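Colleague: The structure under discussion is supplied below as structure tokens; questions concerning it will follow.
Computed from the coordinates by the stated procedures, all read-outs in this text should not be read as laboratory data. What you see is a predicted model, and the numbers here were worked out from it, not measured in a lab. So basically every Cβ, Gly included, is an ideal-geometry build from the backbone, and we count neighbours across all protein chains shown.
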Amino acid sequence: MERFAGRYELLRSLGQGGMGSVWLARDLSNGTECVVKRLDPDVLRVAPGSLRREFELLARVRHPSVVTVHELGFAPDGAPYLTMEYVPGVAAGAAERTWDTEALCFVAAQVAQGLEALHAAGVVHGDLKPSNLLLLPSREGESLPAGVRLVDFGLASLLGRDVEGHRGTAGFAAPEVVRGESPSVASDLYGLGAMLYALAAKRVTPEG
């Protein structure tokens with residue numbers, strides 16, 4: 001098993017994205033499991049000091065529907081990484097379930113409350129979509145998820161904010177974000193609606 005940044009033992013890969021790789025890791029300082037997101041050095045488009053300041057805002061957000069972030073660090077090669085809680089859930093887009101009205105309303109309420117906490121802290125998610133929403137396993141005898149967690153928030157828009165043109169994910173990004181404007185509270189609400197539509201209709205919002 002690979003050791004990363006002298007402190008984390010990488011246990012297994014959890015995914016690969018446009019900004020880097022995500023790993024389940026063990027923090028060797030305390031023995032607990034966490035998620036390490038290793039960001040590619042070439043995606044960093046803001047100064048480390050600015051990135052750290054905005055990350056500190058994000059780290060202060062504590063809400064049951066928002067994954068808890070722990071630390072922003074820089075590996076010896078200068079590549080930034082962040083650590084967050086490990087959530088043993090399933091992405092909403094991959095969940096094998098029936099999205100009836102009760103389930104959709106439950107998810108909508110949980111996500112809306114999480115967004116309220118993020119926005120109150122001055123943070124926008126910037127990339128709401130089913131793959132960035134984890135569903136916690138249902139409790140025995142219940143049909144609804146035990147909870148939800150928003151993941152991959154903030155950094156996508158932060159890292160790309162100086163890039164002109166399209167940002168976000170096609171079918172979920174608000175029109176102004178596609179035009180190159182910075183994500184806002186309004187564009188997050190657009191993303192919430194597009195995400196719920198995709199779950200209910202099993203396809204992204206229609207063209208136009």
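Colleague: State, to one decimal in nm, how far the label point of VAL87 lies from the label point of THR205, with both points 7 Å from Cα in the Cβ direction.
Modeller: The two pseudo-label positions are separated by 2.2 nm.
Colleague: Looking at the range 51-85, which trypsin sites (Lys or Arg not before Pro) are DSSP coil and have at most 13 other C-beta atoms within 10 Å of their C-beta? Working shown, then result.
Modeller: On the way: sites: ARG52, ARG53, ARG60, ARG62; in loops: ARG60, ARG62.
The qualifying sites are ARG60, ARG62.
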